[in-house]
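Structure first, then comments.
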Amino acid sequence: MFKTIAMAAPAANHGPEPTRAVRAALMLRVSTQEQVRGYGLGVQEGAGRAYVAVRPGWALSPELIFRDEGVSGATVVRPGMLRLEQAARQGLVDVVVVHSFDRVGRTARSFWAWIWALEDLGVRVVSATEDIDPATESGRHQLQGCVLRAEAERTLLCERTQGGRQRKALDGGWVGGPPPWGYAIDKSGGHRSVLVVDEGEARVVRRAVSLVVDESLNVSEAARELNASGHLTRSGRPWTASNLHRRLRCSALLEGEVIFRNPAGDGRNRTRLDQNGVPVHGQSVVLAVPRIISEERADELARVLREGGHSSHAAADAYPLTGRILGACGHRYVGSFSKSNVTRYYRCGGGNNGKRRETNCSDPLLDAAAEAAVWKVIEGCLADPRLLSAAQGRLTSHPGDIGKQRERVAHLTAALRKKEEALTHALTTLVLSVPDQAVREAALRQLTHDVHSARALLATGQQVLLGQEAAATAHTTTCLAQAAGGAAHVEVADMTAVIGLLDIMVKPLGEVRKRSGVKCKVTEWHERTGTPVPARVAASEWPVVEELMTTYFACRQFARGTVDIRTQLNGALHRLRTGCLWDELPEGYGPWQLAKERQNAWFRKGFWPVLVEGLNRRGAATPVRREPQVPPLEVTVTVASESVKHDTRSTL
């Protein structure tokens, strides 16, 4: 049963509201991490605060200062700006103050996308250092010129920077950025800095390799051992399994090389590629670096990592509930993957990498079957049309409103048509009405400039609209419709897309008895084939079983120990019928280890299916049973939109 908080009724109209302060917000942006660490953000914030302070009736709240740190001005979708747009949609902002208009964007598309999005919400954008009013026609002309100049400057800077980096890489130099683990940047060669081995980090590298290769530890165990011995990361933080795994798979360590502009790279700083998969700014360059370990040692490490140990999260498709499951210790669960038995599951961060000693975490592992349980709740939530509409409102990752942008494009199209008509008319009438040639040429230049400017603005408006429409009609729309329609089967990637639109919190309410992590092949065989589990074998029926056994096993298999074979068989059948764990097997069946060994040996030999088929001819067989892999869950789903907030809670 779902509980939904009803929408608040509109407030009664008690006449005009009293005059309130103009609520200002600051938008700060720098493009590089160096500027983040330097004075760039501080200068912008100081100028913005001073601009607001001298304006009567203006107020600036600390929560209305938004930052995009190390984010390119060419990017349309930026975290800080998205939070600013959300605040504007909630009616918390009247005016946005920027240090200069190029902080809004360094390309026409990124700039106008945000100017228009805020205008549609009734929010002005002003500059603390430039006297330009975007609300006027002349102000828009000035802004268009500023944007074109900023875009040209950015293009020229990129060409110079990328060209310089390319020449430096071809010369064998390090092109910038943090060096790989185990290396340092040697700048003693003047302008040609190179990578050299950092002996302090290299010792940690070799120790980690020894733990994995020589001592046969998996990567999680190796990370814990490094932390226990005081060998921390470069930043001084403890190692995690994922962090160590990435460092051990580094091409500098395994191949003795680093690829500049690697087409196969990933991450936020991945190389930009054209439609043919070729780097945009220049060819790839392989930079040789001194080896920390020998080539033979690197091959051995690669083999060990490939065959076992820690597997990266990429081994499984996705983990839609990562960060959304709250453990009893206060930490969040993250997705994990076991290569040994191809299992996806979730583990609590409070019990990983030695944190258990700090948090006293005893949260159980959660099988990925928890995703299906949560998905059932989501389907029930999205059956409510209001909730579905609110979720659809989050689909557009680009700023602005699609409907208003369509109207804007139509307006820009009409404005361009008028300017083109005015230019055509002027070409035929100015010769007759204005005898001064210099005046005629000046007028034509201005009209021509107005036409070109209008065309550029229309092209930008069309690009912004295409981006909005693409975002709104993306794959997530289909996934959302499937969720609302209760599709029979949903892929993990589709589930991830829908969950990304929702605010979901999952709390395990009970415990699942801990399993070894190795799936029982006999249980899996019964489930896969649909073969039921035979009933208990009576003493009178045992001679038939013994006769069948003689075709598979030697006489020593019939030797009687402390517990006879029939009792062990009945113990194995009891476990399959009840779903209990091996160590919970009743004492009457003898030591559970003996029953388990007997069952697995018969299954490996191929005798178990034959035995089960024969016993099931008696009738009274029952389906195999598993203990629940997921404890009861409390699932809270919240979808926030501009005017309504729904809170749906279900206990499974």
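The values are calculated or read from the model by the stated rules, or taken from the named source; none is laboratory data. All of these numbers come straight from a predicted model, not from anything done at the bench. Every residue, glycine as well, gets a Cβ built from its backbone with ideal geometry; the counts of neighbours run over all protein chains shown.
Conditions (1) assigned by TED's automatic domain parsing to the domain that holds THR551; (2) modelled with pLDDT of 90 or more, marked per residue:
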site: LYS596; (1), (2): yes, yes
site: ALA601; (1), (2): yes, no
site: PRO609; (1), (2): yes, yes
site: ARG625; (1), (2): no, no
site: GLN629; (1), (2): no, no
site: PRO632; (1), (2): no, no
site: THR638; (1), (2): no, no
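Against the test of being at pLDDT 85 or above and either within 23 Å of LEU248 (Cβ to Cβ) or surrounded by fewer than 15 Cβ atoms within 10 Å (Cβ to Cβ) (or both), the options ARG324, ARG357, ARG291, ARG306 yield a single qualifying residue, ARG291. For the stretch 77-102, a tally of residues being closer than 24 Å to GLY46 by Cβ, out of contact with any helix residue (DSSP H, G or I) (no Cβ under 7 Å at 6 or more places or on another chain) and of a type outside the set (Ser, Thr, Tyr) returns 10.
For ARG109, the conditions (1) free of Cβ contacts under 8 Å to residues at least 60 places away in the same chain; (2) out of contact with any strand residue (DSSP E or B) (no Cβ under 9 Å at 6 or more places or on another chain); (3) buried (at least 16 other Cβ atoms within 10 Å of the Cβ) are fulfilled apart from (1). Pairs are defined by a Cβ separation below 8 Å, a sequence spacing of at least 6 or placement on different chains, a first member in the stretch 85-106 that is polar (S, T, N, Q), and a second member that is modelled with pLDDT of 85 or more; the pairs so defined are SER100/SER127; SER100/ALA128; SER100/THR129; SER100/GLU130.
Listed by position, the helices (runs of 4 or more DSSP H) enclosed by the stretch 396-507 that each have at least 3 residues that are touching a Cys at 6+ places or on another chain (Cβ under 9 Å) and either modelled with pLDDT under 85 or on the phi < 0 side of the Ramachandran plot (or both) are 492-499. Filtering GLU159, GLU119, GLU151, GLU130 for residues that are surrounded by 17 or more Cβ atoms within 10 Å (Cβ to Cβ) and either outside any helix (DSSP H, G or I) or at pLDDT below 75 (or both) leaves a single hit, GLU151. Provide a single number: the residues in the stretch 43-56 that are without any contact (Cβ under 8 Å) to a residue 24 or more places away in the chain and assigned to a helix (DSSP H, G or I). Of the residues in that region, 4 qualify. The numbered conditions (1) within 29 Å of the chain's Cα centre (by Cα); (2) modelled with pLDDT of 80 or more; (3) not charged (D, E, K, R) are all true for ALA74 except (2).
The number of residues in the stretch 57-84 that are free of Cβ contacts under 8 Å to residues at least 12 places away in the same chain and either aromatic (Phe, Trp, Tyr) or under 20 Å from SER127 (Cβ atoms) (or both) comes to 0.
Screening the stretch 18-56 for residues that are at pLDDT below 50 and exposed (fewer than 11 other Cβ atoms within 10 Å of the Cβ) and picking the one that is farthest from VAL71 (Cα to Cα) gives TYR39. The conditions of being assigned by TED's automatic domain parsing to the domain that holds THR107, at pLDDT 90 or above, among the aliphatic types (A, V, I, L, M) and not in a helix (DSSP H, G or I) are met by ALA59.
Candidates are the residues of the stretch 419-430 that are of a type in the set (D, E, K, R) and surrounded by 13 or more Cβ atoms within 10 Å (Cβ to Cβ); the one that is farthest from ASP450 (Cα to Cα) is GLU420.
Scanning the stretch 86-102 for residues that are modelled with pLDDT of 85 or more and within 28 Å of the chain's Cα centre (by Cα) yields a total of 2.
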